[in-house]
Structure formats: structure tokens, C-alpha cells
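Input: a single structure, listed below in C-alpha cells.
The values are calculated or read from the model by the stated rules, or taken from the named source; none is laboratory data. Remember, predicted model here, so these are calculated numbers, not experimental data. Because the Cβ atoms are built from the backbone with ideal geometry, glycine has one as well, and the counts that use them run over all protein chains shown.
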Amino acid sequence: VTENQQLQPSAKRITLAITGASGAIYALKLLKNLVQYYDEVHLMISDAGRIVMATEAAINLPEAPKKIQLILTEYCGCDADIIRVYAKENWYSPVASGSAAPKQMVICPASMGCISAVATGASNSLMERAADVVLKERGQLIVLPREMPFSTIHLRNLLTLSEAGVTVMPAAPGFYANPQSIEDLADFVTARILNHLGLDNTLSENWGYQKT
Ligand SMILES: Cc1cc2nc3c(=O)[nH]c(=O)nc-3n(C[C@H](O)[C@H](O)[C@H](O)COP(=O)(O)O)c2cc1C
């Protein structure tokens, strides 16, 4: 075991899962911010998530976790050991167990398929298991669903998650801050997620206050 694989109790740690819903820009903006606040960002991206990333952000992520880690570390311009990427069946990773998993997790964007799996406790992939672990450990789980319109099944699954204590934050930027660009819209959504993680930020205006 190398030094940076040992659990540092004082380290600030979070899990981010990126799935195949539209909105790669949200995932990238969130990741860029998380690496500034956290010592460890435990990351999983689904196969469909990689397809959406290529389609919407022109970032081609290979399958190998180590390669994804390198590409995203360079993209974020952060230290090498902050982003830790796991394969979808890496059951030996920290996020797979309540004894080691970070207490905070965000699924961004969250496909309706992933929402369904988390709502039923399927745990068939590492990211589904990671979400299940955060729920059973009574941690903080935030999901960013994106679909339009929602079916009754989607809404039921989202209600199930909400009743289990999950914060459902749909990819629905407000327009009251007079956004001038797609970046502004994505900043709005990212800022709200960071707020819910307890992270002060100036990405977007907080109602009643000026942006600094
Ligand atoms: C370009 C693209 C955009 C998609 N957008 C959405 C979406 O907005 N919401 C959604 O629930 N699924 C969307 N899908 C479908 C999901 O990717 C698909 O259901 C997939 O099985 C989800 O798997 P995952 O949860 O493992 O990522 C999209 C797929 C592609 C290729």
C-alpha cells in the first residue's frame, strides 16, 4: 500500500459520479471546483457518461481509469492525487464500503436509469453501490437529474430518493441573474450544488447579494 492509498482521517473527501444524462458541462464545472475544495475526489464515470462527454464537450475519455484520471487531472490543473478514478466493478475501492467511503456524494448529471437503480438499491455497478453506501451511512447525496418531460416512473423514483434524504437538484438554471452565456447558466447550477455541499463560492449571485 502506498502512502496516498492510506485513509487520512482529516482529509476532505467527496465522491462524484458522472452518468449518461445530457449536461457534461455541469460535471466538468463541478469537478473543476471540487478539486479546489477537497483533498480527494473519488470519481466514477459510466460508459454512457463517456459518450455524452465526447458528444457535448469533445473530451474523449478512454475506458482505463488511470488514463481518465490523467486527462481530468490535466483538465482541472490540479495535483495528481486529488482525482481518483475507479472502474465500474472495482469493489475494492473506498467508495464501495461504509468504512471508507466519503460522506458526501454527487451524481452529476444523473441519468434516469441511474436514478432508478439508486431508488431500488440495485448496486449493480460501483457508482450505484457508492450511492447505496452514502444512503445507508446517512451521508449527503445530491443528484442532478436531466430529462424532459419526466415520466410518472421518473417522478416516483425521484420521490423515493427525496424521501430517503437525497437532495434532488434538477439541471434547471434560473434566468433571474440575467445569464449572458451557456457558461453563466452552468455556473448557476454548479453554484447551487456547491452551496448545498456547504462550500461558499462566487460562481453565481446569491439572491439579495452582489456577485463579488
Ligand atoms: C448524447 C446522449 C444524451 C442523453 N441524454 C439523456 C438525458 O438527458 N437523460 C437521461 O436520463 N438519459 C439520457 N441519455 C440516455 C442514457 O445515457 C442511457 O439511458 C444510459 O443507459 C444511462 O446509463 P448510465 O446511467 O450508466 O450512464 C442520453 C444518451 C446520450 C448518448
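Residues that are closer than 16 Å to M127 by Cβ, part of a helix (DSSP H, G or I) and touching a helix residue (DSSP H, G or I) at 6+ places or on another chain (Cβ under 8 Å) within segment 27-47 comprise A27, L30, L31, listed in sequence order. Counting only residues that are at pLDDT 95 or above, exposed (fewer than 11 other Cβ atoms within 10 Å of the Cβ) and not polar (S, T, N, Q), segment 176-212 holds 2 of them. Taking only pairs six or more apart or across chains, which ones have beta-carbon atoms under 7 Å, a first residue in segment 192-212 that is among the small types (G, A, S), and a second residue that is not in a loop (DSSP other than H, G, I, E, B)? Qualifying pairs under 7 Å: S204/D187; S204/F188; S204/A191.
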